[in-house]
Amino acid sequence: MMENNIDEMVRKLLDGDRRMLARTITLVENGRKGHRNVMRQVYPHTGKAMIVGITGAGGAGKSTLTDILIAKFRKMGKTVGVVLVDPSSPFTGGAMLGDRIRMKKHAQDKGVYIRSIASRGTMGGLSRATYDIIRIIEAFGVDIIIVETLGTGQDEIDIVHFAHTCLVVFTPGMGDDIQAMKAGILEIADLIIMNKADLEGAETFIRHLKGAVTAADIPEGAWVPKVLPSICVSDKPANIKGQDEIIEAIYEHFAFLHKSKSLDAIKFQRLELELGLILNSELQNLIFKGLKGTGLKKKYINAILGGENDPYSVVREILDTYVLHRKDA
Amino acid sequence: MENDKKIKVVITKVGLDGHDRGAKIVVSLLKEAGMEVVYLGMFNQVEDIVQAVVDEDADVLGLSYLSGEQLIFTPKIVEEMKKNELDDVLLIVGGTIPVEDIPLLEEMGVERVFRAGSLSSEFVEYIEKNIKK
């Protein structure tokens, strides 16, 4: 795509053109020509939305909960963007994106934009492009962005680093108090949701989770994770409950972030992380681009294969040759 | 950041046809072929399907039929796609489709019909060769 088309694209996106939003996301997701330009232009228009992360094991009810939360936010007059992340197959690179199926009732709502994306080989449930996609939806202009992702706390590219409020969804029968005490849950969850709370074992597990929160060494003045029951599916609509309390807690947590000035700290940490990620990929691109056609990459890899060299020394040599040298020059 | 474009496909049933085993198998096969497939499930309305294609910026829309509603719903999908200027989306139909319906569907604007018994290699190759974006 030509550069002036990119300008036009971003202008339309900022004007609220939904189709252009979809196209811009594809361009950035695939790292196609012009994506850096897009992000440069989009960036000043970001930072306004409240970002809610929802994570947990497959089948815990994340999508169904998301569906209800969208409806509640809409009733409050908020516009909502939703990013649904499903895993890519590590073998074929393909993915089945099956979360949208739970959100049919918002299909015709112009105040809701839903996008399904594949994790594309990243561990932490979020692809590197997800950050950019969230920013693009922010620039398009929504009040709230819900990011739903599988798996939690596995590496640095995770929703916990990007969301203002992070919900971790559990169901009864997912373990005992030992599971609740393990590292990774309390560290990332602002709200711990006990979904399917009408199933057997829910009360015990809620007690375990609450016990784990109490026992955790939470610094004074820091947010104490809330444990909230939720029932999203029932034959009787009256039995569906818990979601109003979840919304309330999301706002309570958001207000806490504002009051405690943690919001600024989070923004700083997030930018530090984002900067590192962008540097990583750009630097790698730059170096591989520089090596292209020289035959050096092949030579290096063969030397490692042949046992004459190792990856660490090779990287050192490349950096010394191309990066540090350039700085000295 | 990845630089290879993945093919994005939306697969869905239309109307009241409640048989989606075939559609699910096709979803799996496309996934195995390295595509990213959004599955919309059953009982979907025409407008909802086309909106999903717009929002997901899909390259391909695949409609699955078993109960014989293909001649009723397909033209509505085509019309709604035109309304949304989705002329760069490849529209394919699959399922239990009578042979005599194939030319009718193609006349409506379906680019290719894959009947039950089609090999996955056939439709994977067709999609890879014919996407318009």
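The values are calculated or read from the model by the stated rules, or taken from the named source; none is laboratory data. Model, not experiment: these values are computed from the prediction. Positions of Cβ are backbone-derived with ideal geometry, glycine not excepted, and every protein chain shown enters the neighbour counts.
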Subject >> Matching entry among A:Arg102, A:Arg115 (being closer than 24 Å to A:Ala139 by Cα and touching a residue at least 12 places away in the same chain (Cβ under 8 Å)) >> reply: A:Arg115
**OP:** Looking only at segment A:17-26, decide whether some residue is modelled with pLDDT of 90 or more, of a type in the set (A, V, I, L, M, F, W, C), surrounded by 16 or more Cβ atoms within 10 Å (Cβ to Cβ) and not in a helix (DSSP H, G or I).
**Re:** no
Original post:
In segment A:304-324, what residues are surrounded by 10 or more Cβ atoms within 10 Å (Cβ to Cβ) and among the small types (Gly, Ala, Ser)?
Top reply: A:Ser313
Original post:
Of all residues in segment B:58-74, how many are surrounded by fewer than 23 Cβ atoms within 10 Å (Cβ to Cβ), under 14 Å from the mean Cα position of the chain (by Cα) and in a loop (DSSP other than H, G, I, E, B)?
Top reply: 1
**OP:** Sort out which residues of segment A:183-227 are of a type in the set (Gly, Ala, Ser), surrounded by 13 or more Cβ atoms within 10 Å (Cβ to Cβ) and assigned to a helix (DSSP H, G or I), and write them in order of number.
**Re:** A:Ala202, A:Gly211, A:Ala212
Original post:
Restricting segment B:1-27 to residues that are within 8 Å of chain A (Cβ to nearest Cβ) and modelled with pLDDT of 95 or more, which is surrounded by the most Cβ atoms within 10 Å (Cβ to Cβ)?
Top reply: B:Lys8
Subject >> Residues being in a loop (DSSP other than H, G, I, E, B) and over 14 Å from B:Val124 (Cα atoms) - total across segment B:1-47 >> reply: 16
Original post:
Being over 16 Å from the mean Cα position of the chain (by Cα) and without any contact (Cβ under 8 Å) to a residue 12 or more places away in the chain, is that true of even one residue in segment A:38-55?
Top reply: yes
Subject >> Residue identified as crowded, with 18+ Cβ neighbours inside 10 Å and either outside any loop (DSSP other than H, G, I, E, B) or more than 9 Å from every other protein chain (Cβ to nearest Cβ) (or both) among B:Val50, B:Val99 >> reply: B:Val50
**OP:** Would you be able to tell me the number of residues in segment B:34-47 that are more than 7 Å from every other protein chain (Cβ to nearest Cβ) and either touching a Lys or Arg at 6+ places or on another chain (Cβ under 6 Å) or of a type in the set (Val, Ile, Thr) (or both)?
**Re:** 2
Subject >> Scan of segment B:77-96 for residues that are on the phi < 0 side of the Ramachandran plot and part of a loop (DSSP other than H, G, I, E, B), ordered by number >> reply: B:Asn84, B:Leu86, B:Asp87, B:Asp88, B:Val89, B:Thr96
**OP:** Of the numbered conditions (1) assigned to a loop (DSSP other than H, G, I, E, B); (2) within 13 Å of another protein chain (Cβ to nearest Cβ); (3) in contact with a strand residue (DSSP E or B) (Cβ under 9 Å, 6 or more places away or on another chain), A:Lys33 fails exactly one; give the number of that condition.
**Re:** (3)
Original post:
In segment A:1-16, which residue that is of a type in the set (D, E, K, R) and assigned to a helix (DSSP H, G or I) is nearest to A:Val80 (Cα to Cα)?
Top reply: A:Lys12
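Condition check ((1) modelled with pLDDT under 85; (2) of a type in the set (Val, Ile, Thr)) across all residues:
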position	(1), (2)
A:Asp155	yes, no
A:Thr165	no, yes
A:Asp177	yes, no
A:Glu187	yes, no
A:Leu191	no, no
Original post:
Has segment A:62-79 got any residue that is within 13 Å of another protein chain (Cβ to nearest Cβ), surrounded by 18 or more Cβ atoms within 10 Å (Cβ to Cβ), touching a strand residue (DSSP E or B) at 6+ places or on another chain (Cβ under 7 Å) and farther than 23 Å from A:Ile246 by Cα?
Top reply: no
Original post:
Considering A:Ile25, A:Ile51, which residue is touching a His at 6+ places or on another chain (Cβ under 9 Å) and within 30 Å of A:His258 (Cβ to Cβ)?
Top reply: A:Ile51
Original post:
What about A:Val82, is it within 19 Å of the chain's Cα centre (by Cα), more than 14 Å from chain B (Cβ to nearest Cβ), crowded, with 18+ Cβ neighbours inside 10 Å and under 24 Å from A:His161 (Cβ atoms)?
Top reply: no
**OP:** Please give the helices (runs of 4 or more DSSP H) falling wholly within segment A:236-329 in which 2 or more residues are outside the structural domain of A:Leu199 (by TED's automatic domain parsing), of a type in the set (Lys, Arg) and under 34 Å from the mean Cα position of the chain (by Cα).
**Re:** A:262-291
Original post:
Can you name every residue in segment B:79-101 that is aliphatic (A, V, I, L, M) and within 16 Å of B:Ile131 (Cβ to Cβ)?
Top reply: B:Met81, B:Leu86, B:Val89, B:Leu90, B:Leu91, B:Ile92
**OP:** Filter segment A:85-98 down to residues that are surrounded by fewer than 24 Cβ atoms within 10 Å (Cβ to Cβ) and more than 8 Å from every other protein chain (Cβ to nearest Cβ) and give me whichever is farthest from the chain's Cα centre (by Cα).
**Re:** A:Phe91
**OP:** Please specify each residue of segment B:28-43 satisfying the condition of being surrounded by fewer than 20 Cβ atoms within 10 Å (Cβ to Cβ) and out of contact with any helix residue (DSSP H, G or I) (no Cβ under 6 Å at 6 or more places or on another chain).
**Re:** B:Ser28, B:Glu32, B:Gly34, B:Met42, B:Phe43
Subject >> Scope segment A:228-261; condition free of Cβ contacts under 8 Å to residues at least 40 places away in the same chain and surrounded by 14 or more Cβ atoms within 10 Å (Cβ to Cβ); matching residues >> reply: A:Leu228, A:Pro229, A:Ile231, A:Lys241, A:Glu245, A:Glu252, A:Phe256
